[in-house]
Amino acid sequence: MKTPMARLDRLLANLGYGSRREVQGLIGAGLVEFDGETLRDTGRKLPVTPDLPGRMRVQGAPLDPPAPLTLMLHKPLGVVCSHRETGRSLYELLPIRWRARDPVLSSVGRLDADTTGLLLITDDGPLLHRIISPRNHVGKRYRVTLDRPLRGDEAALFAAGTLMLEGETTPLTPACLHPLSPTTAHLTVTEGRYHQVRRMFAAAGNHVTALHRDRIGGLDLPADLAPGAFRKLGDAERAAVFEQMPP
Ligand code: URA
């Protein structure tokens, strides 16, 4: 594949380092280096490769990762995924400069404020749509804690492909329930409807008291990723999202 090239000033502006004029100021002040050489030409064309942060420094620090960028984040309790909702936004967990990136970083689907766990964030639109499209059957696994013990018929109800949530006109696609104890279970769904898991258990006469997503496709939330922490997704992890979920 041909290596994409970008003009230096545009590259820096798109990574949120400032307006075109501001980044031209940074370059003019000799604060941008590439392979140890100070860059002075704002229109210099550079190869946009994943190793760029190792080769380029801005104000003495490695360049931020260029697009396409995909992150995994351990969403903590109380953080909201949408820009429009009130409350602490997950974008506040990322470096402030990243809010000015173009293309923008967006969460891959949403978790409720009171749901914790694995959340992917990307500026790669086609990737985002591949993950959320129910046609691709990427499973999202939730660890559910319930107010009351399971009745015993929930697995069949969720697997039937006929469960209709209140106010909706199409039934849910089959979902897989795996009880862990009388009041806890793993539930894997391939859709992402509004408050889906909570509403599924409400339809089964129960109430979810805690919800944690621990897996997307074949990608597990790493045990060493603390609530609120994030990191860049590696190529193997990205591929794992589209692998069959282990049983
Ligand atoms: N289902 C829900 O009800 N809430 C979430 O945050 C995710 C799935």
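Every read-out reported here was derived from the displayed coordinates using simple, explicitly stated rules and does not represent laboratory data. Note that this is a predicted model, so its numbers are computed, not measured. So basically every Cβ, Gly included, is an ideal-geometry build from the backbone, and we count neighbours across all protein chains shown.
Quick notes
- MRE, 222 nm, helices only [DSSP H, n ≥ 4, -39500 (n - 2.57), over the chain, to nearest 500]: -5000 deg cm²/dmol
- Ranking of I131, I96 by count of other Cβ atoms within 10 Å, fewest first: I96, I131
- Note on S19 and C176: with the Förster distance fixed at 45 Å, the Cβ-Cβ geometry gives a FRET efficiency of about 0.35.
- Computed extension gain for R231 through S82, at 0.36 nm per residue and net of the alpha carbon distance, reaches 51.6 nm.
- Distance histogram for region 5-62 (every C-alpha pair counted, 10 angstrom bins, percent rounded to whole numbers): 26, 65, 9
- The trypsin sites (Lys or Arg not before Pro) found in region 1-79 that occupy coil by DSSP, while having at most 13 further C-beta atoms within 10 Å, are K2, R40.
- Percentage, to the nearest whole number, of Cα pairs in region 70-240 over 21 Å apart: 48
- Qualifying chymotrypsin sites (Phe, Trp or Tyr not before Pro) in region 145-213, where qualification requires a DSSP coil assignment and no more than 11 other C-beta atoms within 10 Å, comprise Y194.
- Longest segment of the chain lacking GluC sites (Glu not before Pro) that sit in a DSSP loop with at most 16 other Cβ atoms within 10 Å: 1-84
- Rounded to the nearest 20 debye, the dipole size of the chain about its Cα centre is 440 debye, using +1 on the Cβ of Lys and Arg and -1 on the Cβ of Asp and Glu.
- Modelled this way, with points 7 Å down the Cα-to-C-beta line, the labels at D214 and E92 are 2.9 nm from one another.
- Cβ charges +1 (Lys, Arg) and -1 (Asp, Glu), total dipole of region 1-135, debye: 320
- Considering region 140-228 at the alpha-carbon level, its Rg and Dmax are found to be 13.0, 41 Å.
- Neighbour-count order for V138, V48, fewest beta carbons within 10 angstrom listed first: V48, V138
- Linear extension gain, Y194 paired with N136, 0.36 nm per residue minus alpha-carbon span: 19.0 nm
- Footprinting exposure proxy for M56, M1, M200, M164 (fewest neighbouring C-beta atoms within 10 Å first): M1, M164, M56, M200
- Percent of Cα-Cα distances greater than 25 Å, calculated over region 1-152: 43
- Sites matching trypsin sites (Lys or Arg not before Pro) across region 71-129 that sit in DSSP coil, with at most 13 neighbouring C-beta atoms within 10 Å: R84
- Neighbourhood charge, 14 Å Cβ-Cβ cut-off, centred on R97 and excluding it, Lys, Arg +1 and Asp, Glu -1: -3
- Residues E243 and M5, FRET efficiency given R0 of 30 Å [Cβ-Cβ distance, rounded to 0.05]: 0.35
- Reducing region 199-247 and region 1-34 to their Cα centroids gives an inter-centroid distance of 36 Å.
- Lysine pairs within the chain, Cα separation less than 29 Å, 8 or more sequence positions apart or different chains: 6
- Reciprocal mean inverse distance between Cα atoms of region 95-182 - Kirkwood radius, Å: 16.0
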